[in-house]
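Asker: One structure, as C-alpha cells, below. Some questions next.
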There are 2 protein chains.
Amino acid sequence: MAESMKGLRRTHRCTEISNGNIGQQVTVMGWVQKRRNLGSLIFVDLRDRSGLLQIVFDENDIGAAGFEKAGTLRSEFVIAVVGGVEKRSGATNPNLKTGDIEIRATELRILSEAQTPPFPVEDGINTKDELRLKYRYLDLRRPELQKNILMRSKACQVVRDFLSQEGFLEIETPMLTKSTPEGARDYLVPSRVHPGNFYALPQSPQLFKQLLMCSGFDRYFQLARCFRDEDLRADRQPEFTQIDMELSFVDVDDVIDVNERLLAKLFREVIGVEVPLPIPRMTWAEAMNRYGSDKPDTRFGMELVDVSEEVKGCGFGVFTGALEAGGTVRGINAKGQGAMPRKKIDALVDFAKGYGAKGLAYLAVQEDGSLKSSFAKFMTEDQLKALVEKMEGRPGDLLLFAADKTKLVWDVLGGLRLELAKQLGLLDKNVYKFLWITEFPQFEYSEEENRYVAMHHPFTMPMEEDLPLLETDPGKVRAKAYDITLNGTEIGGGSVRIFQEDVQERMFEALGFTKEAAYERFGFLLNAFQYGVPPHAGLAYGLDRLVMLMAKMDSIRDVIAFPKVKDASCLMTDAPNVVDEKQLDELALHIVEQEN
Amino acid sequence: MAESMKGLRRTHRCTEISNGNIGQQVTVMGWVQKRRNLGSLIFVDLRDRSGLLQIVFDENDIGAAGFEKAGTLRSEFVIAVVGGVEKRSGATNPNLKTGDIEIRATELRILSEAQTPPFPVEDGINTKDELRLKYRYLDLRRPELQKNILMRSKACQVVRDFLSQEGFLEIETPMLTKSTPEGARDYLVPSRVHPGNFYALPQSPQLFKQLLMCSGFDRYFQLARCFRDEDLRADRQPEFTQIDMELSFVDVDDVIDVNERLLAKLFREVIGVEVPLPIPRMTWAEAMNRYGSDKPDTRFGMELVDVSEEVKGCGFGVFTGALEAGGTVRGINAKGQGAMPRKKIDALVDFAKGYGAKGLAYLAVQEDGSLKSSFAKFMTEDQLKALVEKMEGRPGDLLLFAADKTKLVWDVLGGLRLELAKQLGLLDKNVYKFLWITEFPQFEYSEEENRYVAMHHPFTMPMEEDLPLLETDPGKVRAKAYDITLNGTEIGGGSVRIFQEDVQERMFEALGFTKEAAYERFGFLLNAFQYGVPPHAGLAYGLDRLVMLMAKMDSIRDVIAFPKVKDASCLMTDAPNVVDEKQLDELALHIVEQEN
C-alpha cells in the first residue's frame, strides 16, 4: 500500500542536515537502508542521493500506530519522515557526514513498499554482472555508482562552462545522417519514406563540425553521442559520448593551449587534482622508441633501450638474425627484479609470445654482480659488459630483451613494460600523468587492404615540410595530429585539418580513392571547400573513458547509466528485440532466414 | 592558391576592436563580405561571427605586391590581415558596431579563395529553400542564421546552468533502445549481432528518466535527441531536441515552480525579456471553453462565448438542431469587423469548413445599430437582442457562430480566432504570453482504434479524486498533467507519474492492454516499481520550437544547423542513401522490391 505525500514537502536531503539544524523540525524522504529494533526504539538509516541519515522512532513521539508502522519497514521501502533534529543519543558515527545527529520521527508515511531486492544495495557486493545489469535501476542506487554518475554530470557541466567562456558555441549535428564507408562499421537506420535507402548513425560529427567552420561559427563544441557497430571489447560500447570541438584560424599550439586549460580546470573542480601545465609533449617517434607505445604510461620509467649497436656481431643468432633482417634489439630494465623466479620469467616469455614475439631473452644481474642469462653464453664478457652498461643494469636488476622487426619489438616491450608495472604495483590510480603525443604518421599500411589507410582520418593535414612525400614516400609523411594521453590511455585526439581542396585531393589519391569515390562519399565537404574555408583544427575526447579514469574505475560501464554488454544488448530492457511484421513492411524490409 | 597562416595569430574578432584600440596593431581573419575600389584605395568589409570590420588597403602601407593581391579579393575569400587600427578616414557608418574605425592593412594573406557562391551571403535574400538547404554551409553564414544558432547555444547553456544550480544531474540515456509500440512510429536500427532483431531510437527518454528516479538520482535533466518517424509537417523534424527533466518527491506545484524560474531566467538572459511570475494557470476545461484550444494564444481576447441558452428554441434549425443532438452553439466577437466585406466573410466560412464545420453563422452589428446576418430572419428581435448582448456586441462588431458537437465547435472557433488575429495583425512577436494548462483529460477516445488512448502517456497519474472513475467513466478522469504554452504554442508538457504498481495496472487495463502485453512492452519499468519508487513528476520542452519563438522565426528549420526537409531527407548530404549490399548482408536484411 502506498501513502500519498500530500501535505508534506521535503525540507532537506539527508546530509544537508547538520548540527546547525538541531532543534528544528525537518521533513526528509528517501529509501530505508536498514532498520534495527533496539530495546524500545526503532532505528532506520534513511538513504538518498546525498547519503545516510539516522531516524529514531520512539512510541512516545510518534504514537502507537506510527510506531507499529515503523516496525514494518524493510530495506528499500520509500518513506517520508517528519521529525526534530537532535544530537545523537547513542554513539556518534564518525564515518557518516550526519554521524552526530539523528531525527526523532513524529510522522511516518510509507510512500512505496519494496520487495527484497535481488542483491543488497551497498558497495563492495559480490554479485554477478549479469544480475546487476538486469536490475540496473537497483545497482545504480549503490553509493559508488551514484558518485560516478554525479561526477560525470559535474564533469560535463565544467566542460561546458569552460568552453562557453572560451567562445565555443554548442551546436547540435544530425544523428540521422549519411553512411560513409571509411572508418568503422555504421549503424544503419532504414528510411520508410525512401524504401531501400538508409541513414547512418554518426561515428563522429567530423564532417559536420568541419562544415560549421566553413560556415564561420569559429569555435564549436558538442557532447556528441557517437555510434560504432564493432565487436565489443571490454572497454567499448556501441554508443559512446565524445567531447567534440573544432576551432578556426588556429594551429596545433592553439588547440593544445585551450585543452590544457580545460583539463586543468576539469580535474581541479571535479576531483581536486592539480594538473601541472604545460603538459609534456612527445613526438610519436620518441614515444615509440622510449615506451614502445603511442600512449605511454609515464607514471613509471622502465623505458625501452635500443641495444642493437651493442649486440651487433655477437654470437647470439636471435639478436644478429633480427638485425640482419632489418629489425632491432631492445630491452627494458626491471629494476630490483633480478631474483625473479624462473617460473615468473617463463610467464613473461609467454606474455611476450602473446604479442607475436618469438621469445624473450633475459639477463639477471645477481646481487654479487654475476650474470644469469638465457643467452650470456653466446657473448663475450666485453659484449655483456657493454650491454649491461647500456641498460644501466645494477646488481639486482632483471634485463629483458626482444629482437625482431622494430614495430613488433615496440609492441612486445611496450606491453611487457605495462604488465611488469601491474605486477610490481607501479600503477597508482591517484597519480595522473598527462602527455601529448604529436607528429603521428599520416598513414599506416594495411596488410589486409593492401594499401595505405589514414592513421587519424583522411582530413588530417600533413606537416608542411612532409607534403612533397605524399606521392613519393607516404609512409614517411607526418601529420599535424595529436593525442592527449593519461596514465597510458588515449583520452582524446585530433588534428589540424586539410582546408585546401588540392591537398585534400592528393590525400584521397594517396589513400587509393578515385576522385569519383571521394566525391560520392565526402562530396558535400569538398564542395564546401570551394567557397572559402578557414584553417581549422579540432579535438575529441572519449568522455566515458575520461570520467572512468577520474572516478578510478576499471570499466566505462561504471560511468554509464545504462550500458550494454559485449553482444551489444541491454540486459535490462532486452533491446534489441523483434518487431512487428507491420513495421518491417513499412520499411520494405525482409529478414533473411539464418542457416543454423 | 591558399597561403598559410604560419607566424600569424588572430588578436581580435572583427567587432572586438573599437575606438579603444586606435593606434594598436591587430591581426584579424575572416571572410570578404565585399570589396570596393575607390580612387587609389581598396576597401574590404571583413566578416566573422561577430560582425563586420572595414579594412583599407593603401599601396603606401602594404606595398605594390600586397596592393595587387588585395585587388584580386572577391566575396567569400578567407583572408588574414595585419594592420593598424585608425579612426575612419571617410564617413562613419552608424549601423556598424565598428562603424567609426578601420584597419589600415600592412599585410594580407589569402588563406582560401572562393568561387562565386550560388546566392549572396546576406540577410533578406530571396533564394529558394532547396538551394539554401543544399548549400546549408553557405546559408549558415548569413547573419540571421548565425544569430539564431548563437542564441540556441546560449539558451542551452543558461538552461544547463540553472538546472545544475537547482540540483539536477545531467544523465545520458541510451539512443539504441527498445521499440515500444505505444506512441508515434519508431525509427528502427537493425542489429548485426542479433539478426532479425532491432533497436529503436528513442521517441523520448520517458522510461529511462523514470528509472533514474527509481535509482534515487532525485533530479535529472538532459538535452535529449528524440526521434519520430512521422510524416513531416511544416514544423516537424524526424529528429528534435527536448529539454527533458524529472524530479522525485514532488507534486505539480514543485514542477511548475522550478520551471517558471527557469523560463524567467532563460528569457531574461537570452533575449532580455522579463516574464512576470507566477505564470497564469488555466484548467484544460476552461481553456477549451474560453479559447477553443488547449494552447490558447492569450496575446489577444476574442474569447468563445456559449450562446446555447440564448438560441435555445429559436427558429434557426442549424442552432436548434445542434443543441438537440447534444452539441452547443458558441460564438466569437470580431471587434470592429462589422463592415467586413461579404467576400472575406465567405472565406472565413470556407476556413471553418476546413475544420469540419458545416457552416458558420454571422451577425454584423452595423454602425447604426441595425443587424446584418445570415440567420436573423429565423429569430425574434428579443432573441437577437439577447444574443448580441451575451456576445457583448457593439456597433461595428462582427459576431461569428458555430453550432455542432462541442469538440468540433471548439476546434472551429479556436482556429477561426487565430485566423482572424493573424488577419488583423494581433500576433505581435515581441509580446510573450505564457500560460500553464492543467488538469488535462486522462484519456481521449480513438475512433480509429475504438478504445481509449492516453492523452499524455500511460504513466500519467490521474487526479486522486478521479481514481474511482478509471473503471466506471474513463472519459471523465482528469490527469495530473500540465502543458506550458507560449503565444498559442505548446512549448512543453509533463505530468506527475503513476508510481504505484496497482494504479499502473489499472491504467493499462483502461487502455485495453492485457497484463501480458503491458509487461512485454514496459516490463522493466513495472518490475522497477516493485523495489521502492519515489513519487515523481517531470516535464519536457521542445527546444527547437522554444528557440524558434525566442528568435522570432517562423520555422524550426531556422534554429537547427542541419535540418531535414519534408520527406525527411537532407539536401546537403543526400541522406538517406543506398548502402552496399555487404552492409545489408551483415544485417541479414533484404530489400523488398517496390511495385510501381
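The values are calculated or read from the model by the stated rules, or taken from the named source; none is laboratory data. Predicted, not measured: the structure shown is a model, and the values here were computed from it. Neighbour counts are summed over all protein chains in view; Cβ atoms, including those assigned to glycine, are modelled from backbone coordinates with ideal geometry. Only protein heavy atoms, including side chains, enter the accessible area calculation; ligands, DNA and RNA are left aside. Shrake-Rupley method; radii C 1.70, N 1.55, O 1.52, S 1.80 Å.
Asker: Suppose you put the label 7 Å out from Cα in the Cβ direction; list, shortest first and in nm with one decimal, how far A:GLY71 is from each other copy's label.
Answerer: Distances between equivalent label points, in nm: 10.3.
Asker: Can you pick out the pairs among A:LYS295/A:LYS353; A:LYS344/A:LYS390; B:LYS390/B:LYS422; B:LYS34/B:LYS87; A:LYS128/B:LYS515 whose Cα atoms lie more than 23 Å from each other?
Answerer: Long pairs (Cα-Cα over 23 Å): A:LYS344/A:LYS390; B:LYS390/B:LYS422; A:LYS128/B:LYS515.
Asker: With the label 7 angstrom out along Cα to Cβ, how close does A:LYS566 come to the same site in each of the other copies, in nm, nearest first?
Answerer: Nearest to farthest, the other copies are at 5.1 nm.
Asker: Nm distances between the label at A:SER18 and the same-position labels in the remaining copies, 7 Å along Cα→Cβ, shortest first?
Answerer: 4.3
Asker: Ok, one more. Please work out whether region A:504-555 counts as rounded, prolate or oblate from its C-alpha gyration tensor, where a ≥ b ≥ c are the square roots of the eigenvalues and a/c under 1.5 means rounded, while otherwise a/b larger than b/c means prolate and anything else oblate?
Answerer: Note, shape of region A:504-555 comes out prolate.
Asker: Can you compute the FRET efficiency between B:GLU509 and B:LYS128 using 1/(1 + (r/R0)^6), with r the Cβ-Cβ distance and R0 = 41 Å? Round to the nearest 0.05.
Answerer: E between B:GLU509 and B:LYS128, to the nearest 0.05, is 0.20.
Asker: Mind pulling the per residue volume of the convex hull built on the Cα atoms of region B:14-112? Å³ is fine.
Answerer: 86 Å³
Asker: Mind running the shape call on chain A? Use the C-alpha gyration tensor, a ≥ b ≥ c as the square roots of the eigenvalues: rounded below 1.5 for a/c, prolate if a/b tops b/c, oblate otherwise.
Answerer: Cα axes put chain A in the oblate bin.
Asker: Using +1 at the Cβ of each Lys and Arg and -1 at the Cβ of each Asp and Glu in region A:168-264, identify which of A:LEU169, A:HIS194, A:LEU232 lies farthest towards the dipole's positive end.
Answerer: Looking along the dipole axis, the top candidate is A:HIS194.
Asker: Could you work out the relative contact order of region A:14-112? I mean the mean sequence separation of Cα pairs under 8 Å and 6+ apart, divided by the number of residues, in percent.
Answerer: 33 percent
Asker: Whole-Hz Karplus ³J(HN,Hα) for region A:104-117, in order, using 6.51 cos²θ - 1.76 cosθ + 1.60 and θ = phi - 60°, x for Gly and Pro?
Answerer: Each residue of region A:104-117 in turn: 8, 6, 10, 8, 9, 10, 8, 7, 7, 7, 9, 5, 5, x Hz.
Asker: A further question on this structure: Quick check: Cα centre of region A:191-209 to Cα centre of region B:34-78, how many Å?
Answerer: Measuring centre to centre over Cα atoms gives 41 Å.
Asker: Mind checking the dipole of region B:452-596: about its Cα centre, +1 per Lys or Arg Cβ, -1 per Asp or Glu Cβ, Debye to the nearest 20?
Answerer: Dipole about the Cα centre, nearest 20: 660 debye.
Asker: In whole percent, and with a 1.4 Å probe on the protein chains, what portion of the accessible area of region A:396-488 is carbon and sulfur?
Answerer: 51 percent
Asker: Roughly to the nearest percent, how much of the accessible area of region B:493-596 is carbon and sulfur, given a 1.4 Å probe?
Answerer: In region B:493-596, the share of accessible area belonging to carbon and sulfur is 45 percent.
Asker: Right, another one. Report ³J(HN,Hα) in whole Hz for each residue of region A:79-94, in order, from the Karplus equation J = 6.51 cos²θ - 1.76 cosθ + 1.60 where θ = phi - 60°; Gly and Pro get x.
Answerer: Coupling constants for region A:79-94: 10, 10, 10, 10, x, x, 7, 9, 5, 4, 6, x, 5, 6, 10, x Hz.
Asker: If you don't mind, there's one more thing I want to ask. State the volume of the convex hull built on the alpha-carbon positions of region A:300-423, expressed per residue in Å³ and rounded to an integer.
Answerer: 90 Å³
Asker: What residues in region A:566-593 lose 50 Å² or more of accessible surface when the other protein chains are added to their chain alone (1.4 Å probe)?
Answerer: A:ASP567, A:THR573, A:PRO576, A:ASN577, A:GLN583, A:ALA588, A:LEU589, A:HIS590, A:ILE591
Asker: Further question on the same structure: Please calculate how many Å² of accessible area the protein assembly as shown carries per residue, with a 1.4 Å probe and no DNA, RNA or ligand atoms counted.
Answerer: 41 Å²
Asker: As a quick test, which of the pairs B:LYS134/B:LYS564; A:LYS97/A:LYS429; A:LYS147/B:LYS480; A:LYS178/B:LYS566; A:LYS358/A:LYS429 have an alpha carbon distance above 21 angstrom in this structure?
Answerer: A:LYS97/A:LYS429; A:LYS147/B:LYS480; A:LYS358/A:LYS429
Asker: Could you check the spin-label model distance between A:ARG261 and A:LYS343? Points 7 Å from the Cα along Cα→Cβ, value in nm.
Answerer: My value for the distance between the label points is 5.7 nm.
Asker: Determine the dipole magnitude for the protein assembly as shown: charges of +1 sit on the beta-carbon of Lys and Arg, -1 on that of Asp and Glu, nothing else is charged, the reference point is the Cα centre, and the result goes in debye to the nearest 20.
Answerer: I would put it at about 1920 debye.
Asker: Just which residues of region A:90-114 lose 20 Å² or more accessible area with every protein chain there, against their chain alone, with the probe set to 1.4 Å?
Answerer: By number: A:LEU111, A:SER112.
Asker: For the B and A pair, go ahead and give the buried accessible area with a 1.4 Å probe, both sides summed, in Å² to 100.
Answerer: 11200 Å²
Asker: Among B:ILE279, A:PRO143, B:THR92, pick out the residue whose Cα is farthest towards the positive end of the charge dipole of the protein assembly as shown, where Lys and Arg carry +1 and Asp and Glu carry -1 on C-beta, about the Cα centre.
Answerer: B:THR92
Asker: Is the protein assembly as shown rounded, prolate or oblate when judged by the Cα gyration tensor, a ≥ b ≥ c being the square roots of its eigenvalues, rounded requiring a/c under 1.5 and prolate requiring a/b larger than b/c?
Answerer: Since a/c reaches 1.5 but b/c is at least a/b, the shape of the protein assembly as shown is classed as oblate.
Asker: Work out the length of the dipole vector of chain B about its Cα centre, built from +1 on the beta-carbon of each Lys and Arg and -1 on the beta-carbon of each Asp and Glu, and round it to the nearest 20 debye.
Answerer: Taking the Cα centre of chain B as origin, the dipole is about 2240 debye.
Asker: Right, next: Calculate what fraction, in whole %, of the accessible area of region B:61-166 sits on carbon and sulfur atoms when a 1.4 Å probe is rolled over the protein chains.
Answerer: 49 percent
Asker: OK, next. Any idea what the relative contact order of chain B is, in percent, if you count C-alpha pairs under 8 Å spaced at least 6 apart?
Answerer: 13 percent
Asker: Report the Cα centroid-to-centroid distance between region A:96-123 and region B:398-459 in angstrom, as an integer.
Answerer: Using only Cα atoms, the two centres lie 46 Å from each other.
Asker: Also, I was wondering about something else. Once both axes come from the Cα atoms, what is the angle between helix B:59-71 and the longest principal axis of chain B, in degrees from 0 to 90, rounded to 10?
Answerer: Once rounded, one gets 60 degrees.
Asker: Now for a different question. Give me the compactness ratio for region B:238-295, meaning the Cα radius of gyration over 2.2 N^0.38 Å.
Answerer: 1.40
Asker: Same structure, new question: Can you work out the Karplus-derived ³J(HN,Hα) for every residue in region B:411-423? Use 6.51 cos²θ - 1.76 cosθ + 1.60 with θ = phi - 60°, whole Hz, and x for glycine or proline.
Answerer: Listing the rounded values in order: 4, 4, 6, x, x, 5, 4, 5, 4, 4, 4, 5, 4 Hz.
Asker: To continue, here is another question. Place a label point 7 angstrom from the Cα of B:GLN366 along the Cα-to-Cβ direction, then list the residues of region B:395-417 whose backbone nitrogen is under 12 Å away.
Answerer: Correct set: B:396.
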